[in-house]
Amino acid sequence: MDEIVGAKGILTEPSPQENDMTPIRKIGIIGSGQMGNGIAHVIALAGYDVVLTDLTKEKVDKAIELIDRNLTRQVASGKITEEDRKQALSRITYAENYQGLSDADMVIEAATEDETVKRKIFVALCPFLKPEAIIATNTSSISITRLAAATDRPERFIGLHFMNPVPVMELVEMIRGIATEDVTFAKAREFVGTLGKTTAVSEDFPAFMVNRILLPMINEAVYTLYEGVGSVDAIDTAMRLGAHHPMGPLQLADFIGLDTCLSIMQVLYEGLADSKYRPCPLLVKYVEAGWLGRKTKRGFYDYRGEKPMPTR
Ligand code: CAA
């Protein structure tokens with residue numbers, strides 16, 4: 001792991017913002033991929049101003065197009081009005097760099113699930129932020145305490161783990177780092193409530209709660225395939241119809257992204273030092289092939305044709 005210059009560490013004095021419950025109005029979002037665009041969608045729809053940033057403007061433009069398509073689906077099914085759609089879109093703006101996040105009350109990091117990448121982002125971001133701004137990370141597995149230590153404000157740092165697809169899933173997991181102040185937690189929980197989501201609080205252990213339970217199930221499904229117990233279709237049918245899961249585990253793995261699934265299994269395997277979390281070699285092979293699921297049009301299913309076809 002790179003040494004982070006200027007990191008403040010986790011043992012800090014109580015901050016002057018200890019009792020600060022000033023409302024959150026403007027949110028910066030770093031990363032406009034699957035999770036970042038869903039988070040931007042929900043937050044803009046709830047009436048907040050959103051500033052979206054990513055490595056290129058092209059990525060953000062694509063994300064805004066996708067948000068528009070998903071908002072349009074919600075208009076079509078009567079969940080929101082056409083006016084809501086227009087208002088939400090008008091609240092999302094693009095920032096070329098972190099300077100554009102300087103007046104944000106909260107920044108949500110939704111970049112790649114890679115600790116080095118996330119730590120570099122925090123080191124680069126902090127000098128531009130207001131002192132009272134809260135930083136939230138949407139990490140699905142990495143230690144909040146360790147990520148907080150890469151910032152200048154571990155007391156105003158928190159884990160807010162949204163679920164995919166964000167506009168549909170009702171839950172946000174909340175995770176405190178060791179230094180997270182109560183006021184940060186209270187503000188973040190109030191904010192999540194205004195998005196119409198329910199919170200579940202997890203201690204800061206590898207992969208928290210949802211992924212601690214969900215990912216070993218997915219990994220086991222891949223082992224079931226690897227050992228020839230069942231085909232892709234048989235395994236997914238079994239779990240859809242036999243356990244009433246909305247998606248089969250392999251279909252869900254493709255939906256989450258096989259690279260993300262693998263990195264969460266690696267965090268569990270290394271973080272809990274238990275062989276029961278060993279990533280299935282077949283999952284590793286798919287990732288090495290660049291077959292990452294829906295986003296690359298191939299994973300346990302091939303999405304290039306009219307309907308998804310199992311690849312094994
Ligand atoms: N934005 C807005 N609306 C969306 C949407 C999106 N991105 N995706 C789906 N919807 C809406 C559809 O428009 C549809 O709305 P109506 O019922 O009003 O018509 C509704 O959701 C259902 O969608 P579909 O009819 O297309 O398909 P479906 O019934 O198969 O449901 C699903 C799709 C909601 C994704 C469902 O299959 C499901 O719940 N799957 C499991 C998802 C899951 O487990 N997510 C957690 C992943 S783990 C995670 O996120 C944590 C992590 O860190 C890895």
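The values are calculated or read from the model by the stated rules, or taken from the named source; none is laboratory data. A quick note: this is a predicted structure, and the numbers were derived from the prediction, not measured. When we count neighbours, we look across all protein chains shown, and the Cβ atoms used for this are built from the backbone with ideal geometry, even at glycine. All accessible areas refer to the heavy atoms of the entire protein, side chains included, with ligands and DNA or RNA removed. Shrake-Rupley method; radii C 1.70, N 1.55, O 1.52, S 1.80 Å.
A few remarks follow.
- The set of residues in region 236-273 being part of a helix (DSSP H, G or I), aliphatic (A, V, I, L, M) and either farther than 21 Å from A289 by Cβ or more than 15 Å from the ligand (Cβ to nearest atom) (or both) consists of A238, M239, L241, V267, L268, L272.
- Among residues of region 67-79 that are closer than 14 Å to V168 by Cα and open to solvent by 70 Å² or more (accessible area, probe 1.4 Å), none has a beta-carbon under 8 Å from a residue that is more than 8 Å from the ligand (Cβ to nearest atom) and among the aromatic types (F, W, Y) at least six positions away or on a different chain.
- Restricting region 59-101 to residues that are of a type in the set (S, T, N, Q) and within 21 Å of R25 (Cα to Cα), the residue that is nearest to the ligand (Cβ to nearest atom) is Q87.
- Boolean, K276 is basic (K, R), within 16 Å of the ligand (Cβ to nearest atom) and in contact (Cβ under 8 Å) with a residue 60 or more places away in the chain: no
- When the test is whether a residue is in contact with a Leu (Cβ under 9 Å, 6 or more places away or on another chain), open to solvent by 30 Å² or more (accessible area, probe 1.4 Å) and either at pLDDT 95 or above or more than 15 Å from S141 (Cα to Cα) (or both), V229 does not pass it.
- E113 charged (D, E, K, R), farther than 25 Å from K57 by Cα and not in a strand (DSSP E or B): no
- Residue match in region 184-192 (condition: of a type in the set (F, W, Y), in a helix (DSSP H, G or I) and away from the ligand (no atom under 16 Å from the Cβ)): yes
- Inter-residue pairs, beta-carbon under 7 Å, first more than 27 Å from Q251 (Cβ to Cβ) and in region 158-179, second open to solvent by 40 Å² or more (accessible area, probe 1.4 Å) and within 7 Å of the ligand (Cβ to nearest atom), 6+ apart: none
- For region 147-176, a residue qualifies if it is away from the ligand (no atom under 16 Å from the Cβ), open to solvent by 10 Å² or more (accessible area, probe 1.4 Å) and within 17 Å of the chain's Cα centre (by Cα), and exactly one does: R176.
- Count - residues of region 286-312 that are β-branched (V, I, T) and under 19 Å from E113 (Cβ atoms): 2
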